[in-house]
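Read the figures in this text as sums done on the coordinates, not as results from a lab. Keep in mind it's a predicted model, so treat the numbers as computed, not measured. Using ideal geometry, Cβ is built from the backbone for each residue, glycine included, and neighbour counts are taken over all protein chains shown.
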Amino acid sequence: MNRTANIARFEAELGKVSRPGLDKLLEFIRRSDFYKAPASTKYHLSCEGGLLQHSLNVLDALRCLLTAKDEEGSEWFYIVAGRPVATVPDESVIIAALLHDICKTHFYVASTRNVKNEKTGKWEKVPCYAVDDKMPLGHGAKSAMIVKQYMEITTQEMYAIWWHMGFTDTASTDTLTLSQAIDKYPFIWALHTADMMASHFMEDTIGNLAKFADSPAGAAAAEPASAPASAPQFEDAPAIGAGA
Ligand SMILES: [Fe+2]
Ligand SMILES: [Fe+2]
């Protein structure tokens with residue numbers, strides 16, 4: 001995993017977006033631990049830079065899931081059984097994919113766990129990540145709210161980010177509302193599918209799977225699971241209206 005290249009690509013993709021407040025959102029991201037945070041405690045990309053790699057993987061999966069409307073790729077169709085059920089501007093594809101898990105900033109901390117050394121029979125402390133949610137507001141809804149505090153987003157983008165966990169969101173039992181949201185904005189399901197494709201098919205615990213190691217988002221050598229030496233200071237998103 002080349003974190004420097006991933007940061008450059010992440011910012012280059014967001015650079016294609018023209019939206020009031022993007023500069024403020026980028027400032028927040030650069031000050032936060034977004035570029036160093038893992039994607040999970042122990043499941044997919046549980047390593048430094050994992051969240052960044054996962055966000056780029058979702059973008060790659062989503063673009064391949066959709067069908068370009070024209071050669072410029074400025075708009076995409078979400079096609080089901082040969083018919084488009086949603087039209088999505090490329091800006092929305094970038095925003096939804098790269099920011100769907102921004103709720104995981106200031107969310108993980110470096111920790112240790114005891115693991116038995118099979119050779120010596122002794123228990124040893126190994127580094128791992130634990131959850132320490134500084135802004136306990138849930139998951140998809142939290143991501144949508146953080147983005148919205150800084151930058152204008154379209155309704156379709158808000159719905160997609162809000163419900164991107166689909167029916168896997170164990171914190172929500174409101175499946176009727178989710179079904180209604182998907183009917184209204186099928187892009188939700190495209191983002192959810194791309195998220196699942198990335199975490200299940202593209203990612204290992206410390207890097208991308210070999211098959212995806214040379215994908216544009218790239219993964220060569222994972223960095224060790226450790227938190228930044230000096231963790232960035234947590235800051236609340238600005239009050240609504242102050243972030244635009
Ligand atoms: Fe998520
Ligand atoms: Fe995700």
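Remarks
- Of the residues 105, 205, 173, the one that moves most in a GNM of the chain with alpha-carbon contacts below 10 Å is 173.
- For residue 27 and residue 75, the FRET efficiency from 1/(1 + (r/R0)^6), where r spans their Cβ atoms and R0 equals 35 Å, is about 0.75.
- Over 22 Å (Cα to Cα) - which of 104/125; 24/142; 69/211 fall in this group: 104/125; 69/211
- Electrostatic tally near residue 128: other residues with Cβ closer than 11 Å to its Cβ, Lys and Arg +1, Asp and Glu -1, net +3.
- Test item: Cα-centred dipole of segment 3-212, Lys/Arg +1 and Asp/Glu -1 on Cβ, debye: 800 debye
- At full extension, residue 134 and residue 204 could sit 22.6 nm farther apart than now, given 0.36 nm per residue minus the alpha carbon distance.
- Think of segment 3-212 as a dipole: +1 on every Lys or Arg Cβ, -1 on every Asp or Glu Cβ, centred on the Cα centre; then among 14, 201, 79, 201 lies furthest on the positive end.
- The Rg/Rh ratio for the chain is 0.98, where Rg is the radius of gyration of the alpha carbons and Rh is the Kirkwood radius.
- Annotation: aspartates and glutamates with alpha-carbon distance below 14 angstrom to residue 42 (same-chain offsets under eight excluded): 203, 204.
- Under 5 Å between amide hydrogens, built in the peptide plane, is the criterion, and for residue 108 it picks out 132 among residues at least 5 positions away or on other chains.
- Separation in nanometres of the label points that stand 7 Å from Cα toward Cβ, at residue 64 and residue 184: 3.2 nm
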